[in-house]
Amino acid sequence: MTIDVVGVTKRFKTFAALDNVSLTIRSGELVALLGPSGSGKTTLLRIIAGLEWPDTGEVRFDGEDALSRSVRERNVGFVFQHYALFRHMNVFENVAFGLRVRRGADKLPEAAIREKVNELLSLVQIDWLAERYPSQLSGGQRQRVALARALAISPRVLLLDEPFGALDAKVRKELRRWLRHLHEELPVTSVLVTHDQEEALELADRVVVMGHGRIEQVGSPAEVYDNPATAFVHDFIGETIALPGEVRGGALYLGTRALGLDSQGVADGPARILARPHDVDLADPAATPFAGKVLAVRTFGPTRRADVALSGSSGPVIVEAAVPHGQTLEPGTEVGLMPRRYKVFPQASH
Amino acid sequence: MSALDHVAASEGMPSALAQSRAYTGHGGRPVRTEPRWVRITLTAIALAFLFLFIGLPLVTVFYEAFRRGWAAYVAALVEPDALASIRLTLIVAAISVTANLLFGLVAAWSIAKFEFPGKSLLITLIDLPFSVSPVVAGLVYVLLFGAQGLFAAELAAWDIKIIFALPGIVLATIFVTFPFVARELIPLMQEQGTSEEEAAISLGASGLSTFFRVTLPNVKWALLYGVLLCNARAMGEFGAVSVVSGHVRGLTNTMPLHIEILYNEYQFVASFAVASLLALLALVTLIAKTILEHRLAEGDR
């Protein structure tokens, strides 16, 4: 099912959770809404589900107005952040709930309900837990129950709110792959909310990066990582080294020193030169646009980072540079930084 | 002086604990174990207090009730005025517990699941009966509905009798037992939040179906617990009921009022016989309460 979100705005008192957001989700896609907390991603998901109503704007399912339908009638499977399993029902009854509350012509006979629930439980590989209660399950198992319960109503849209947020790192990775697999098996359009970029980049067909109630960029995981549209996206996804600079007459300067870097068409004024740590080489200070003193070197696992103090136009700017393997760097020495790939953004943009 | 030193050295720990820590150097006992004589003395004092102020009165009630034997006991209970008071108490309790059950559910539900202006005021108001003397509560109803009261003319015109009649007793009882159910449910419902209800609705359940299949089962033990306490208080309430009842024998006397009248007339056996029923109710309540607390502690089931 295609989901169209058109010009949706939602305010909570004075706080604008969503500011004129438009988005098209293609049928069968797995889309991740990625952003820091407060970026409006969960609000957008809840509006698509019908748990929240926008102040203005439209939501369309396959071209049909969805806002005129309540959450009951939208037939969306929603997986809640903390699963929201019914605590007084066992796993079987949790999954059966959506079938049992049906009325009239849709009502299924008991045998059909049992068959369908058992089918779902084996699909999510927890058929052996049918008699257990939610409090007796591990986080990963609860997650699977929540998913089976949402799938019981045969939704054409599956919405997941931070589905792996409450799990430990190892289980998270395992379930991530499993979810991707499940999505491919089912005729369903999935939307996933997450603040974990790794999750979004690994799982999704397309990533929607959100910040301050707006969509910053929509693209494939490779696009948003390699070609961030805004400084916000560059900062938020992947590691970023921010180098100071200023555009004057189409050229980049640091203080009075010409950097010899491409200003990439950014208008005159203070600028930020953003690069991935692995795209910045350490080199001879005399031959590089940036030079500074090494303050400290830290090692975590395979990576090493050096704090380098660059002299900016208004006092020193400390940047964190990657130290390649096999290179030693002593605190106190002068070092030069040479960005190989970088993007220039005007300072004012968030 | 040395005790003060201990407190200072142990940074405000309970002095008994600090004391025991001081002992470890000598005895090699675990730090948190008191000496044997301290344990025995403390336990003995606690038990003696319990027996003196709770156990003994309870025993006395039954002892006095059966002082003249089983026949006198039964005779005191089947006496028409006593029966009338028991019946009235049961009716009053049934009405007020039902009313407060409904009110408590509605109040807790709206407070826990929705945001609305005046919410904190409502939470404060729910606690009011706990902080107001029951006698004051009774007087308020007399001032409102009494012969000289605010609504006296209207009530007279419609020939409705509230004070010195069943409605007044029920109103006063509802007032004093008002907080029990709501107080029990509000924190639990707030803790549970709304996500299970949202899940139910997203799965296609109607509002009513969500309430009966999800909300109510989630709070059933707390609800029962509140009802139990509410009932115990409703049957035992004296002050507020005393003000509005008018003490008409066989008509507006509840059990506590009946007991007082009998006692003032030196009919000790009869008085304690009726009192033994209330004591019995207390014991049953206590047992049921313990079972329910166990259920509540189990929580998620």
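The values are calculated or read from the model by the stated rules, or taken from the named source; none is laboratory data. Model, not experiment: these values are computed from the prediction. Neighbour counts are summed over all protein chains in view; Cβ atoms, including those assigned to glycine, are modelled from backbone coordinates with ideal geometry. Each accessible area value is taken on the protein alone, full model and side chains, heavy atoms only, with ligands, DNA and RNA left out. Shrake-Rupley method; radii C 1.70, N 1.55, O 1.52, S 1.80 Å.
Conditions (1) open to solvent by less than 50 Å² (accessible area, probe 1.4 Å); (2) at pLDDT 90 or above, marked per residue:
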site	(1), (2)
B:Val132	yes, no
B:Gly138	yes, no
B:Leu143	no, no
B:Gly146	yes, no
B:Gly149	yes, no
B:Ala152	yes, no
B:Asp159	no, no
B:Ile162	yes, no
B:Leu171	no, yes
Search result, residues across the range A:236-279 that are over 14 Å from A:Val344 (Cβ atoms) and surrounded by 15 or more Cβ atoms within 10 Å (Cβ to Cβ): A:Phe236, A:Ile237, A:Gly238, A:Arg276, A:Pro277
Residue in the range B:215-237 that is within 14 Å of chain A (Cβ to nearest Cβ), under 26 Å from A:Glu162 (Cα atoms) and out of contact with any strand residue (DSSP E or B) (no Cβ under 9 Å at 6 or more places or on another chain) present: yes
Residue list for the range B:97-125, restricted to those being open to solvent by less than 40 Å² (accessible area, probe 1.4 Å) and under 16 Å from B:Val219 (Cβ atoms): B:Asn100, B:Gly104, B:Leu105, B:Ala107, B:Ala108, B:Ser110, B:Ile111, B:Ala112, B:Lys113
Test for A:Gly77: is it within 14 Å of chain B (Cβ to nearest Cβ), within 23 Å of the chain's Cα centre (by Cα) and either closer than 24 Å to A:Val207 by Cα or not polar (S, T, N, Q) (or both): yes
Options B:Thr210, B:Thr194; residue that is touching a helix residue (DSSP H, G or I) at 6+ places or on another chain (Cβ under 6 Å), without any contact (Cβ under 8 Å) to a residue 60 or more places away in the chain, within 14 Å of chain A (Cβ to nearest Cβ) and surrounded by fewer than 23 Cβ atoms within 10 Å (Cβ to Cβ): B:Thr210
Output for the range A:285-323, where each listed residue is within 20 Å of A:Arg341 (Cβ to Cβ), open to solvent by 60 Å² or more (accessible area, probe 1.4 Å) and not small (Gly, Ala, Ser): A:Glu320
Every pair of residues 6+ apart whose Cβ atoms lie under 6 Å, when the first sits in the range A:100-113 and is within 11 Å of another protein chain (Cβ to nearest Cβ) while the second is assigned to a helix (DSSP H, G or I) and open to solvent by less than 60 Å² (accessible area, probe 1.4 Å): A:Val101/B:Ser209
Strands (runs of 3 or more DSSP E) contained entirely in the range A:21-82, each with at least 2 residues that are open to solvent by 20 Å² or more (accessible area, probe 1.4 Å): A:56-61
Helices (runs of 4 or more DSSP H) completely within the range B:50-166 that count 1 or more residues being in contact with a helix residue (DSSP H, G or I) (Cβ under 8 Å, 6 or more places away or on another chain) and closer than 18 Å to B:Phe178 by Cβ: B:80-113, B:119-131, B:134-145
Filter result (more than 8 Å from every other protein chain (Cβ to nearest Cβ) and touching a residue at least 12 places away in the same chain (Cβ under 8 Å)) within the range A:90-99: A:Asn90, A:Val91, A:Phe92, A:Asn94, A:Val95, A:Ala96, A:Leu99
Filtered residues of the range A:12-30 (kept if out of contact with any Asp or Glu (no Cβ under 6 Å at 6 or more places or on another chain), at pLDDT 90 or above and of a type in the set (D, E, K, R)): A:Asp19, A:Arg26
Filtered residues of the range B:249-301 (kept if in a loop (DSSP other than H, G, I, E, B), more than 14 Å from chain A (Cβ to nearest Cβ) and either more than 14 Å from B:Ser85 (Cα to Cα) or open to solvent by less than 60 Å² (accessible area, probe 1.4 Å) (or both)): B:Gly250, B:Thr252, B:Asn253, B:Thr254, B:Glu265, B:Tyr266, B:Gln267
Lone unmet requirement of (1) open to solvent by 70 Å² or more (accessible area, probe 1.4 Å); (2) under 30 Å from B:Pro217 (Cβ atoms) for A:Met89: (1)
Test: residue in the range A:20-40 that is in contact (Cβ under 8 Å) with a residue 24 or more places away in the chain and more than 26 Å from A:Leu203 (Cα to Cα): yes
Top-ranked residue of the range A:122-141 - restricted to ones that are more than 12 Å from chain B (Cβ to nearest Cβ) and part of a helix (DSSP H, G or I), ranked as farthest from A:Arg72 (Cα to Cα): A:Trp128
The listed residue being under 23 Å from B:Phe175 (Cβ atoms) and in contact (Cβ under 8 Å) with a residue 40 or more places away in the chain, out of B:Ser96, B:Ser110: B:Ser96
Any hit, the range A:218-228, residues being at pLDDT 85 or above, part of a helix (DSSP H, G or I), hydroxyl-bearing (Ser, Thr, Tyr) and closer than 27 Å to A:Arg305 by Cβ: yes
